[in-house]
Structures are given as C-alpha cells and as structure tokens.
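Every read-out reported here was derived from the displayed coordinates using simple, explicitly stated rules and does not represent laboratory data. None of these values were measured; they are calculated from a predicted model. Here the Cβ positions follow ideal geometry from the backbone for every residue, glycine too, while neighbour counts run over all protein chains shown.
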Amino acid sequence: MNKTKKYELVYSIIKSVIAEEDNLVANLANTCAILKEHFGHHWVGYYLVDEKSNSLMLGPFQGPLACTRIPYGKGVCGSSWKSGKALIVVDVHEFDGHIACSAETNSEIVVPLERNGAILGVLDIDSVRKNEFDAVDREFCCKINKLILST
Ligand code: SME
C-alpha cells in the first residue's frame with residue numbers, strides 16, 4: 001500500500017475513533033497508536049503547550065522514553081511551535097539545536113496542533129531513516145490534527 005493510501009486508511013480509522021469520544025487526551029493517545037501501528041515509525045507523540053512554563057510538555061506518545069519539557073523556540077518542536085509551521089527535518093544531525101531524545105532518530109516531522117490560530121501543541125514523528133518525511137506526511141498530519149480538534 002502506498003503512503004497516501006495508508007494515510008487515507010489511518011485518517012478514516014481516526015475519524016471513526018473520535019466520532020465516539022470528545023476527550024482530547026484520549027483522542028491524541030489513540031492517534032499516536034494508530035499512526036505507530038500503520039507506519040512503524042520510531043516515535044510518534046504529542047507535546048502540549050504549558051503556558052505557565054512557556055514550554056511544551058510531553059503528552060500522549062508511542063515509542064521509547066522522551067524528553068519531558070521543550071522550551072519555546074527550542075529544538076524542532078519548539079521551533080515549529082514558535083513559527084506556527086510544520087517542519088520536516090531530513091537529517092536531524094544537520095538541524096541546529098535539535099534535541100536528541102533518542103540516538104536512533106535520523107529524521108523528523110513536527111506539525112502544529114492548531115485551533116482558531118492558537119497552537120495547543122505539536123505532533124512529532126521520528127524515524128530511524130534519514131529523509132523519511134515529505135509533503136504527503138505534512139499534508140496528512142495537518143489534516144489529522146484538524147480532524148482531532150473538530151470534535
Ligand atoms: N527531537 C525533538 C524533541 C522531541 S523527541 O524527538 C521525542 C526536537 O528537537 O524538538
């Protein structure tokens with residue numbers, strides 16, 4: 001199955017899961033599980049904005065142990081939060097300020113979780129392969145994040 005078809009399937013599964021539930025944390029947790037199960041990436045998770053500390057707090061995820069807090073503007077996640085834009089990092093070792101939670105990660109995509117212009121957090125997906133993510137991942141991860149916040 002090609003990547004687009006896989007994402008279409010994943011999208012429809014997430015849609016049916018969230019149709020039954022409006023709790024954000026539960027839906028983020030199941031989204032991570034669905035993405036991890038279908039794509040087998042090294043790490044899939046959400047970081048959620050903590051306004052008090054002006055940092056991202058580790059949220060629901062699937063994969064190895066991860067950093068718990070990422071300050072605003074730091075690392076790939078904090079940069080995506082600051083810019084409000086999805087970031088694709090072809091080789092994390094070339095990204096200035098990349099936060100290495102796992103030595104096995106080689107590429108990464110981070111997509112803001114945004115509602116009415118406010119960023120609530122980011123979806124972060126890490127791969128052991130370099131250059132794993134492209135415009136298809138960005139498009140579908142954006143759609144998935146919108147879908148989750150549509151409930
Ligand atoms: N690499 C991320 C940190 C989060 S972990 O990859 C799970 C970053 O640079 O923001």
Check: Within the chain, which is the longest segment containing none of the GluC sites (Glu not before Pro) that sit in a DSSP loop and have at most 14 other Cβ atoms within 10 Å?
Finding: 52-103
Check: Taking the chain as a Gaussian network, where each spring joins two C-alpha atoms under 10 Å apart, which residue of Ile99, Ile70, Ile88 fluctuates the most?
Finding: Ile99
Note to self: If I require 18 Å or longer along the helix axis, counting alpha carbons, and a Kyte-Doolittle average no lower than 0.0, what helices from the chain are left? Use full DSSP H segments.
What the structure shows: 3-19, 24-39, 135-148
Note to self: Classify the chain from the C-alpha gyration tensor, please: rounded if a/c falls under 1.5, else prolate or oblate depending on whether a/b exceeds b/c.
What the structure shows: oblate
Notebook entry, point to check: Among the trypsin sites (Lys or Arg not before Pro) within region 57-151, which fall in a DSSP loop and have no more than 15 other Cβ atoms within 10 Å of their own Cβ?
Noted result: Lys85, Arg129, Lys130
Next item on the list: Any aspartates and glutamates with Cα under 19 Å of the Lys5 Cα? List them, leaving off those in the same chain fewer than 8 positions away.
Entry: Glu37, Glu132, Asp134, Asp137, Glu139
Next item on the list: Give the calculated FRET efficiency between Phe39 and Lys82 to the nearest 0.05, with a Förster radius of 22 Å applied to their Cβ-Cβ distance.
Entry: 0.25
